[in-house]
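Remarks on the structure that follows.
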Amino acid sequence: VQLQASGGGLVQPGGSLRLSCAASGSRYSFNAMGWYRQAPGKQRELVASITSGGITNYADSVEGRLTISRDNAKNTVYLQMNSLQPEDTSVYYCNAKKVRGTVTNYWGQGTQVTVSS
């Protein structure tokens, strides 16, 4: 299984970005897909997740500004990021989970998001 993330970059405060993550090498869809982020010197944290049934979960700090969605047929997850703030600056990692008795996590390579004027 490989996760290929794209869409990061530099944006001014208040701007928008859209991240995409395409999963390949899996015959079945993932139980959940999501995005985590990790800033220098900090622990990786959950940003948003979405189940195969469309149930979403967001970190309090991004609620109302970021929107996660997925295309199950394409095994792709998206993160629409609006009203970005400097504190959103981080490396964003795509995650996919399979639950087959046990939980298996797959990770993408990370994409840098920098919010700065």
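The values are calculated or read from the model by the stated rules, or taken from the named source; none is laboratory data. Predicted model, so just to flag it, every value in this text is computed and none were measured. Note: ideal-geometry Cβ built from the backbone for every residue, glycine included; neighbour counts use all protein chains shown.
Confirm whether Gln80 is farther than 15 Å from Val113 by Cβ and of a type in the set (S, T, N, Q).
When the stated conditions are applied, Gln80 does not pass them.
Residues in segment 74-113 that are over 19 Å from Arg18 (Cβ atoms) and either without any contact (Cβ under 8 Å) to a residue 12 or more places away in the chain or of a type in the set (A, V, I, L, M) (or both): Val99, Arg100, Gly101, Thr102, Val103, Thr104, Asn105.
For beta carbons closer than 9 Å, sequence separation of 6+ or different chains, a first residue in segment 15-44 that is at positive phi and surrounded by fewer than 12 Cβ atoms within 10 Å (Cβ to Cβ) and a second that is at pLDDT below 95 and assigned to a loop (DSSP other than H, G, I, E, B), the qualifying pairs are Gly25/Val1.
Can you name the residue in segment 20-37 that is farther than 12 Å from Asn95 by Cβ and assigned to a strand (DSSP E or B) and, of all such residues, is modelled with the highest pLDDT? Among those residues, the one meeting the criterion is Ser20.
Comparison of Gly41, Gly53 shows that the only residue that is under 22 Å from Ser116 (Cβ atoms) and either in a loop (DSSP other than H, G, I, E, B) or of a type outside the set (D, E, K, R) (or both) is Gly41.
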